[in-house]
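K.L.:
Have a look at this one.
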Amino acid sequence: MFLPPLPSRPVSEAPPILVRGGRVIDPLRGFDAVGDVLLRGERVERISATPLPTTGLRVIDADGCLVCPGLIDPHVHLREPGGERKETIRTGSEAAIAGGFSMVACMPNTQPALDLPSLVDFVRLKAAEAGLARVRVVAAATVGREGERLAPMGAMARAGAVAFSDDGDGIASAMVMRRVLATCRSIDRPFLQHCQEATLTHEAVMNEGPLAAKLGLGGWPAVAEEIMFERDVRLNASIGCRYHAQHLSSAGSVEILRRAKAAGQPVSGEASPHHLLLTDAACDGWNTIAKVNPPLRTGADAEALRKAVVDGTIEVLATDHAPHTASEKGRDFSAAPFGCIGLESAVGMYGLALVKSGLMDWTSVIERMTVGPARLLGLLEAGFGRLFEGGPADVSVIDPDAAWKVEASNFRSRSRNSPFDGWTAHGRPVAVITQGRAFDLRTEWWRGAGAP
């Protein structure tokens, strides 16, 4: 079911917005109090513990809800240019709003790859035209993402690229990797690595183990991730680039990250909902919706990832939103593409994995969805990932206790490949304010999408 596009209008026509009576949380400064938040244009004008007048304001009722900095997803695939049948910048931005995100960072594995300043501009202009979630670009580090020649990274940084990655492929050459790290350090941009030693994953499609053997599928060892991560940490020791390991999947990778951080390296890591909640058992029956990269691993790996999120070793939560068409995911398991979508179920799945389980409170989860991503992308100084008077008017409102059924058929994404379709989620976004526009997900277009 494809839904009509979200409405948009010039910010100048929008009245000031009052988020009324919620529990206001800014994890960075430890602020936590019930109150009102007044937003005028693209700035937070006032945060008040006493009720503010409502005359002439657009009022969003946040009673019983968490009011926090706009959620940021630093790892999404918007597919445009080249993959518009799966997702577009507009539909991906709509999915972000529906998921409670005010900002996303899109990956460069498009066709063509985002390896030129003109392509960074293309994404920026398309996102501005949509006028929905903010979209930042993670540009390709090498030409065509081929891992051989450096792309014009400095020029792309000047065009607005917030980070660099060859996401979807790890950079195999240690020499090229070292040059990329040095260049990122010189232009003050982080490098986001897809850790995969490709010689160990040839024809591999799921986690190496008994189930892969039973299904007759090529096994993908955890060491393929860990070897590249370990190599990069050693290469970066004398360079000091801000280095980020994407979508970690194994307990061994958690230990590498822990050691590197203890040694003082500027390294960070992220976890995705599917790696926190699922194991390779989800692939049983040749279920291609559970075919992701890196693959789902064991219960022990998932437990290690959850513990690392809890203790702060992993300080970023990111969806790795990877849309694919039904016909693609309907292929034989070995031929189907890797990846699952995650934007619209993320809050509820993190709530299920980390809050309902008793491992964390919502403030800590929000910190890893705001402060962590903003710090990674160099956006904290601009005020993103924070909620304070004078800061950007990017706000997410979350009902922390809402239990709701995930229905992929009602998603705003152009694709439906969610491994959580039919699950009961814990916690739900109810409003997003970004770029001076408010989207109340309970009373506007969301109702038309079939949600209660």
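The values are calculated or read from the model by the stated rules, or taken from the named source; none is laboratory data. Model, not experiment: these values are computed from the prediction. Because the Cβ atoms are built from the backbone with ideal geometry, glycine has one as well, and the counts that use them run over all protein chains shown.
K.L.:
Considering only residues that are within 21 Å of Trp423 (Cβ to Cβ) and either of a type in the set (A, V, I, L, M) or not assigned by TED's automatic domain parsing to the domain that holds Gly339 (or both), look in the stretch 260-283 and name the one that is surrounded by the fewest Cβ atoms within 10 Å (Cβ to Cβ).
P.N.:
Filtering the stretch 260-283 down to residues within 21 Å of Trp423 (Cβ to Cβ) leaves 271-283.
Filter again for either of a type in the set (A, V, I, L, M) or not assigned by TED's automatic domain parsing to the domain that holds Gly339 (or both), leaving 271, 276-278, 281-282.
Details: Ala271: 28, Leu276: 21, Leu277: 21, Leu278: 22, Ala281: 14, Ala282: 18.
Filtering first and then ranking leaves Ala281.
K.L.:
Moving to a separate point now. If you take just the helices (runs of 4 or more DSSP H) that sit entirely in the stretch 335-452, which of them hold at least 1 residues that are more than 28 Å from Pro16 (Cβ to Cβ) and in contact (Cβ under 8 Å) with a residue 40 or more places away in the chain?
P.N.:
Details: elements: 346-350, 362-369, 371-376, 445-448.
Ranges flagged: 346-350, 362-369, 371-376.
K.L.:
Right, something else. Of the residues Arg258, Arg189, Arg234, only one is over 25 Å from the mean Cα position of the chain (by Cα) and not in a strand (DSSP E or B); which? Explain how you work it out, then say what you get.
P.N.:
On the way: Arg258 fails: over 25 Å from the mean Cα position of the chain (by Cα); Arg189 fails: over 25 Å from the mean Cα position of the chain (by Cα).
Testing whether each residue is over 25 Å from the mean Cα position of the chain (by Cα) and not in a strand (DSSP E or B) leaves just Arg234.
K.L.:
Ok, one more. State whether one or more residues within the stretch 113-131 are in a loop (DSSP other than H, G, I, E, B), of a type in the set (Ser, Thr, Tyr) and at pLDDT 95 or above. Working first, answer last.
P.N.:
We begin by selecting, within the stretch 113-131, every residue in a loop (DSSP other than H, G, I, E, B); these are 113-116, 131.
Add one more test, that the residue is of a type in the set (Ser, Thr, Tyr), and what stays is none.
Scanning the stretch 113-131, I find no residue that is in a loop (DSSP other than H, G, I, E, B), of a type in the set (Ser, Thr, Tyr) and at pLDDT 95 or above, so the answer is no.
K.L.:
If you don't mind, another one. What number of residues within the stretch 350-387 satisfy the criterion of being of a type in the set (Phe, Trp, Tyr) and in the same structural domain as Phe164 (by TED's automatic domain parsing)?
P.N.:
Within the stretch 350-387, residues that are of a type in the set (Phe, Trp, Tyr) and in the same structural domain as Phe164 (by TED's automatic domain parsing) number 2.
K.L.:
Also, quick follow-up: Restricting to the stretch 14-26, give me the number of residues that are in contact (Cβ under 8 Å) with a residue 60 or more places away in the chain and closer than 17 Å to Pro429 by Cβ. Talk me through it step by step, then tell me what you get.
P.N.:
First pass over the stretch 14-26, keeping only residues in contact (Cβ under 8 Å) with a residue 60 or more places away in the chain: 14, 17, 19, 22, 24-26.
Subset that is closer than 17 Å to Pro429 by Cβ: 17, 19, 22, 24-25.
Residues meeting the conditions: 5.
K.L.:
Can you say whether Thr110 is at pLDDT 95 or above, among the hydroxyl-bearing types (Ser, Thr, Tyr) and over 23 Å from Glu344 (Cα atoms), as far as the supplied structure shows?
P.N.:
So Thr110 does not fit the description; no.
K.L.:
Run down Gly269, Gly252, Gly240 and say which single residue is more than 17 Å from Ser334 (Cα to Cα), small (Gly, Ala, Ser) and assigned to a helix (DSSP H, G or I). I'd like the intermediate steps shown before the answer.
P.N.:
Numbers: Gly269 fails: assigned to a helix (DSSP H, G or I); Gly240 fails: assigned to a helix (DSSP H, G or I).
Of Gly269, Gly252, Gly240, the one residue that is more than 17 Å from Ser334 (Cα to Cα), small (Gly, Ala, Ser) and assigned to a helix (DSSP H, G or I) is Gly252.
K.L.:
Taking Ser93 as the residue in question, decide whether it is among the small types (Gly, Ala, Ser), in a helix (DSSP H, G or I) and surrounded by fewer than 24 Cβ atoms within 10 Å (Cβ to Cβ).
P.N.:
Values: among the small types (Gly, Ala, Ser): yes; in a helix (DSSP H, G or I): yes; surrounded by fewer than 24 Cβ atoms within 10 Å (Cβ to Cβ): no.
When the stated conditions are applied, Ser93 does not pass them.
K.L.:
Still on this structure: Identify the residue in the stretch 396-432 that is touching a Ser or Thr at 6+ places or on another chain (Cβ under 7 Å) and among the β-branched types (Val, Ile, Thr) and, among all such residues, is surrounded by the fewest Cβ atoms within 10 Å (Cβ to Cβ).
P.N.:
Ranking the qualifying residues of the stretch 396-432, first place goes to Val406.
K.L.:
Looking at Ala204, Ala140, Ala163, Ala212, which is the one that is in contact with a Ser or Thr (Cβ under 8 Å, 6 or more places away or on another chain) and small (Gly, Ala, Ser)? Before you say what the answer is, go through the steps one by one.
P.N.:
Numbers: Ala204 fails: in contact with a Ser or Thr (Cβ under 8 Å, 6 or more places away or on another chain); Ala163 fails: in contact with a Ser or Thr (Cβ under 8 Å, 6 or more places away or on another chain); Ala212 fails: in contact with a Ser or Thr (Cβ under 8 Å, 6 or more places away or on another chain).
Result: Ala140 is the single residue among Ala204, Ala140, Ala163, Ala212 that is in contact with a Ser or Thr (Cβ under 8 Å, 6 or more places away or on another chain) and small (Gly, Ala, Ser).
K.L.:
So, of the residues in the stretch 45-63 that are without any contact (Cβ under 8 Å) to a residue 24 or more places away in the chain and in contact with an Asp or Glu (Cβ under 9 Å, 6 or more places away or on another chain), which turns out to be surrounded by the most Cβ atoms within 10 Å (Cβ to Cβ)? Working first, answer last.
P.N.:
Initially, the stretch 45-63 is screened for residues without any contact (Cβ under 8 Å) to a residue 24 or more places away in the chain, giving 48-50, 53, 55.
Subset that is in contact with an Asp or Glu (Cβ under 9 Å, 6 or more places away or on another chain): 48-50.
Details: Ser48: 15, Ala49: 9, Thr50: 6.
Across the stretch 45-63, the extreme among qualifying residues is Ser48.
K.L.:
Further question on the same structure: How many residues, within the stretch 200-223, are surrounded by 24 or more Cβ atoms within 10 Å (Cβ to Cβ) and assigned to a helix (DSSP H, G or I)? Don't jump to the end; show me each part of the working.
P.N.:
The first filter runs over the stretch 200-223 and keeps only residues surrounded by 24 or more Cβ atoms within 10 Å (Cβ to Cβ), leaving 206-207, 220.
Among the residues that remain, those that are also assigned to a helix (DSSP H, G or I) are: none.
Final tally of qualifying residues: 0.
K.L.:
Looking at Leu257, Leu278 in this structure, which one is on the phi < 0 side of the Ramachandran plot and touching a residue at least 60 places away in the same chain (Cβ under 8 Å)? Step through it out loud before you land on a result.
P.N.:
Details: Leu257 fails: touching a residue at least 60 places away in the same chain (Cβ under 8 Å).
When all the criteria are applied, what remains is Leu278.
K.L.:
Return yes when Leu181 is within 26 Å of Ile256 (Cβ to Cβ) and part of a strand (DSSP E or B) and no when it is not. Break it down into steps so the answer makes sense when it comes.
P.N.:
Working: within 26 Å of Ile256 (Cβ to Cβ): yes; part of a strand (DSSP E or B): no.
No; evaluated as a whole, the condition is false for this residue.
K.L.:
To continue, here is another question. Failed condition for Glu80, given (1) touching a residue at least 40 places away in the same chain (Cβ under 8 Å); (2) more than 18 Å from Cys340 (Cα to Cα), with all others met?
P.N.:
(2)
K.L.:
Next question, about the same structure. Test each condition in (1) surrounded by fewer than 21 Cβ atoms within 10 Å (Cβ to Cβ); (2) among the small types (Gly, Ala, Ser); (3) touching a residue at least 24 places away in the same chain (Cβ under 8 Å) for Ser249 and report the one that comes out false.
P.N.:
The number of the failed condition is (1).
K.L.:
Here is a follow-up. Cβ-Cβ distance below 7 Å, separation of 6 or more or different chains: which pairs start in the stretch 195-220 with a residue that is in the same structural domain as Ala335 (by TED's automatic domain parsing) and end on one that is surrounded by fewer than 10 Cβ atoms within 10 Å (Cβ to Cβ) and modelled with pLDDT of 95 or more?
P.N.:
Between residues of the stretch 195-220 that are in the same structural domain as Ala335 (by TED's automatic domain parsing) and residues that are surrounded by fewer than 10 Cβ atoms within 10 Å (Cβ to Cβ) and modelled with pLDDT of 95 or more, the close pairs are Gly218/Glu203.
K.L.:
Within the bounds of the stretch 76-89, is there any residue that is surrounded by fewer than 17 Cβ atoms within 10 Å (Cβ to Cβ), farther than 30 Å from Asp361 by Cα and modelled with pLDDT under 95?
P.N.:
Here is the first cut: in the stretch 76-89, the residues surrounded by fewer than 17 Cβ atoms within 10 Å (Cβ to Cβ) are 82, 84-85.
If we keep only those that are farther than 30 Å from Asp361 by Cα as well, we get 82, 84-85.
Pick out the ones that are also modelled with pLDDT under 95 and you get none.
No.
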